[in-house]
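Encoded as structure tokens, the structure appears first; notes follow it.
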Amino acid sequence: MELAATLLAGLLIGALATWLLMREDLTYLRDELRVAHAQIAHAVMSEGAQVPPRIEEIEPPKPLPQELQACVDEWEDPESRAVEEAKIRNWLAQDWGIKAILRQYGAVK
């Protein structure tokens with residue numbers, strides 16, 4: 001029983017401390033939510049008004065060339081594949097050629 005009371009007291013103190021520290025942020029977020037709801041409600045009630053999308057769709061990355069994809073496919077672990085693909089995409093962003101990247105993997109001499 002004593003343990004439960006101590007646990008409950010710690011939980012209440014932690015919740016109170018968190019609320020006191022985050023009070024300003026919570027107030028700001030609550031105000032932003034009210035403004036967003038008001039804008040949406042106004043747009044819905046107005047004739048012909050459209051609510052703009054808040055989140056833009058992220059276009060998927062272009063597929064790697066077959067030679068480079070083959071280098072990525074050599075890795076068995078999905079995490080390793082993701083790391084290697086990120087390296088290759090970084091090199092492509094730095095304007096490395098396909099042959100230069102393949103040299104890094106020992107595929108071209």
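Each value in this text was obtained by applying a stated rule to the coordinates, not by laboratory testing. What you see is a predicted model; the values in this text were computed from it and never measured. Please note: Cβ atoms are built from the backbone with ideal geometry, for glycine as well, and neighbour counts cover all protein chains shown.
Here is how the numbers come out for the structure above:
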read-out: The chain: DSSP helices with Cα axial extent of at least 15 Å and average Kyte-Doolittle hydropathy no lower than 0.5; value: 2-45
read-out: Extension gain, Val44 back to Glu57 (0.36 nm per residue minus Cα-Cα distance, nm); value: 2.4 nm
read-out: Contour minus Cα-Cα distance for Gln104 and Ala86 (0.36 nm per residue); value: 5.1 nm
read-out: Lys/Arg +1, Asp/Glu -1 at C-beta; the chain dipole; positive extreme among Pro60, Ala43, Tyr105; value: Tyr105
read-out: Net lengthening on full extension, Leu7/Tyr28 (0.36 nm per residue, minus Cα-Cα); value: 4.4 nm
